[in-house]
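Structure record follows, encoded as structure tokens.
Any read-out appearing in this document is the output of simple, stated calculations on the displayed coordinates, not a laboratory observation. These figures come from a predicted structure and were not determined experimentally. Using ideal geometry, Cβ is built from the backbone for each residue, glycine included, and neighbour counts are taken over all protein chains shown.
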Amino acid sequence: MLVYLLLQFYEGPLFTGYLDEFFGRPLLTTCSFNIGMIRIFFDIETYSPDEHGPSLCDKVISIAYKIGDSDVVVLKEWELGEKEVLTRFLDVIQSQDRPNIIGHNILRFDIPVIVCRSVENGLGRLEEIYSVFREPYGIDLLQCLLPSNRMYFRGLGLASCAERLGISLASENGSSIQVLYERGEYEKIVDHNVEDVLVTESLSYHLMNCDFDPFSEGSDIA
């Protein structure tokens, strides 16, 4: 299933948009932002009881999202149940006209997890759930940052990026989410989820203002 998902993502607009812009078509690239489009910043938190760390099978316990300049909304599994959390978030995406959905590491984690857990919760077949993410334009900030980090993933975690931007984090570390969930300290999970969305938003606008053109005359590959 994971291989199928990855192939679908790299054949869909989440990746091919980059090639589309390169060849002159007016579509969103993986690392650019369409002016005037609705932007949905989002982040998920999962419960990972497995000692080996997060996986696509982990339960989604919260999804925080922010549409444009609106306040952050948090969908909480402990109040709604996982199925309802997933249903409401998918409805949010579908209610907008091809929005930019923006997150950090969403291609490798958030979106695959949402798709897998939605199928597991009976919200539709794999292709039906995945189609929800084919219409919007997905922007993964971690992928956008790879050229600035010599194409290495290490060091591009959201907390590390926040530190490098001078953003101080007040919430719990992401690695403590499992313990917080087991203790029922849900507000701390909410605080962390909201903070991640706000940092994602700040990082995205920072990238929008960066002057990065690998095909310019002054670049090494021009």
TODO: For segment 98-161, just the Cα set please: Rg and Dmax, both in angstrom.
DONE: 13.7, 41
Task: Normalised per residue, the volume of the convex hull around the Cα set of segment 46-121 (Å³) - done: 101
- [ ] Compute the length gained on full extension between Tyr152 and Asp91: take 0.36 nm times their separation in residues and subtract their Cα-Cα distance, giving the result in nm to one decimal.
- [x] 18.5 nm
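Would you tally the net charge around Cys57, using a Cβ to Cβ cut-off of less than 13 Å, leaving Cys57 out, and scoring K and R as +1, D and E as -1?
Within the 13 Å Cβ shell, the charges total -2.
With a Förster radius of 25 Å, plug the Cβ-Cβ distance of Glu128 and Met37 into 1/(1 + (r/R0)^6) and report the FRET value to the nearest 0.05. Mind dumping the intermediate values first?
Working: r = 24 Å, r/R0 = 0.97.
So the FRET efficiency works out to roughly 0.55.
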Task: Sparsely packed GluC sites (Glu not before Pro) within segment 148-187, loop by DSSP, other Cβ within 10 Å at most 15 - done: Glu185
Open item on the list: Residue by residue through segment 109-117, what is 3J(HN,Hα) from phi via Karplus (6.51 cos²θ - 1.76 cosθ + 1.60, θ = phi - 60°)? Round to whole Hz and write x for glycine and proline.
Closed with: 9, 3, 5, x, 5, 4, 4, 5, 5
TODO: Give me the net charge of Pro136's neighbourhood, meaning all other residues with Cβ under 11 Å from the Cβ of Pro136; Lys, Arg count +1, Asp, Glu -1.
DONE: +1
- [ ] Would you please state which residues of segment 91-110 a label at Glu79 would reach in this model, taking the label point 7 Å out along Cα→Cβ and a backbone N cut-off of under 20 Å?
- [x] 91-93
Task: Selection of chymotrypsin sites (Phe, Trp or Tyr not before Pro), segment 114-206, meeting DSSP coil and at most 12 other Cβ within 10 Å - done: Tyr152
- [ ] Grab the other residues whose beta carbon is less than 11 angstrom from that of Gly155, score K and R as +1, D and E as -1, and report the net.
- [x] +2
Open item on the list: Within 10 Å of each candidate Cβ there may be at most 14 other Cβ atoms; applying that plus a DSSP loop requirement, which GluC sites (Glu not before Pro) in segment 44-122 survive?
Closed with: Glu51
